[in-house]
Amino acid sequence: MKVFRPRLAVMVSGNGSNLQAILDACEHGLLRADVVGVVSSKEGVPAIARAERSKVSVVVVAPVPNETRAAYDLRLLEVVKGFSPDIVVLAGFMRILSNNFLQQFPSQVVNLHPALPGELPGTHSIERAFAESRDNWRTHSGITVHLVPNEGVDTGPVLASEVVPIHAHDTLESFTERMHEREHILLVQTLNDLCQNFVAGQEIDSVS
Ligand code: GRF
């Protein structure tokens with residue numbers, strides 16, 4: 001029997017360490033899925049080289065001057081749809097997707113947020129959590145993997161989350177490193193759960 005493997009499109013804007021974790025997990029059988037395409041909103045970022053090393057198609061969709069968000073998202077939609085993904089993973093994708101885009105992938109877009117649910121939305125969440133810990137009122141932050149149903153920033157049904165401690169002796173670097181280590185693990189585990197549910201749904205469909 002042919003085993004169905006969900007198709008993942010991964011959207012990035014920068015370093016791509018989470019993309020790397022996904023690629024490695026697929027290669028080593030820890031994530032039973034295939035990365036069929038990577039879309040970067042920026043030229044020349046390390047994430048692109050990571051995809052190329054794994055022989056995954058990469059398309060750069062960089063915004064052009066004076067382009068509206070609607071026009072940009074239309075171009076993005078064409079590219080992402082072209083990969084026919086089952087799941088779209090936002091792994092450090094630094095743009096807010098419009099409802100027009102998201103409606104095309106209902107319950108299929110997954111975001112990784114470097115904070116606990118409902119906390120520190122937007123950019124620099126790790127730095128802000130660390131600054132708050134030095135002001136003596138935060139002892140931990142966390143990470144969240146959630147669905148993206150609409151334009152809300154870092155909100156949506158939570159698939160998984162985990163507390164990450166901030167120790168008194170931490171530097172921003174050591175805390176950031178701990179956050180990324182935990183992100184890589186939680187993201188892969190959560191995607192694997194999602195993919196297994198997806199495969200189970202396909203099997204039910206194929207016999208009904
Ligand atoms: C991660 O911290 C993720 O939570 C946030 O952007 C960062 C991307 O890191 N959304 P990388 O590009 O995967 O290394």
Write down the Å³ per residue value for the convex hull defined by the alpha carbon atoms of the stretch 7-207.
-> 124 Å³
Extending each Cα 7 Å along its Cβ direction at residue 81 and residue 57, get the distance between those two points in nm, one decimal.
-> 1.5 nm
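Only loop residues by DSSP count here, and only those with at most 10 other Cβ atoms within 10 Å; note down the trypsin sites (Lys or Arg not before Pro) in the stretch 112-208 that meet that.
Qualifying residues, ordered by number: none.
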Remind me, relative contact order of the stretch 9-77 in percent, using alpha carbon pairs under 8 angstrom and six or more residues apart?
-> 32 percent
Could you list which residues have their amide H under 5 Å from that of residue 58, counting only those 5 or more apart in sequence or on another chain, with H placed in the peptide plane?
-> 38
Averaged per residue, what accessible area in Å² does the chain show with a 1.4 Å probe, protein chains only?
-> 51 Å²
In the chain, what percentage of the DSSP-assigned beta bridges are antiparallel, given to the nearest 5?
-> 40 percent
Can you give the relative contact order of the stretch 74-179 as a percent, counting alpha carbon pairs under 8 Å and 6+ residues apart?
-> 25 percent
Cα→Cβ-extended label distance, 7 Å offset, between residue 124 and residue 193, nm = 3.2 nm
For the stretch 94-137, state which chymotrypsin sites (Phe, Trp or Tyr not before Pro) are in a DSSP loop and have at most 16 other beta carbons lying within 10 Å of their beta carbon.
-> 137
First measure r as the distance between the Cβ atoms of residue 71 and residue 138, then evaluate 1/(1 + (r/R0)^6) with R0 = 35 Å and state the FRET efficiency to the nearest 0.05.
-> 0.30
Neighbour-limited loop hits for trypsin sites (Lys or Arg not before Pro), the stretch 9-86 (at most 11 other Cβ within 10 Å; DSSP other than H, G, I, E, B) | 55
Could you give the length gained on full extension between residue 30 and residue 100, defined as 0.36 nm per residue of separation minus the Cα-Cα distance, in nm?
-> 21.9 nm
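Ignoring ligands, DNA and RNA, what percent of the 1.4 Å accessible area of the chain is carbon and sulfur? Intermediate values should be presented prior to the final figure.
Working: 5750 of 10600 Å².
On the chain, the fraction of accessible area on carbon and sulfur atoms equals 54 percent.
The values are calculated or read from the model by the stated rules, or taken from the named source; none is laboratory data. Just so you know, these numbers come straight off a predicted model, no measurement behind them. We place every Cβ from the backbone using ideal geometry, glycine too, and count neighbours over all the protein chains shown. SASA here: full protein model, heavy atoms, side chains in, ligands and nucleic acids out. Shrake-Rupley method; radii C 1.70, N 1.55, O 1.52, S 1.80 Å.
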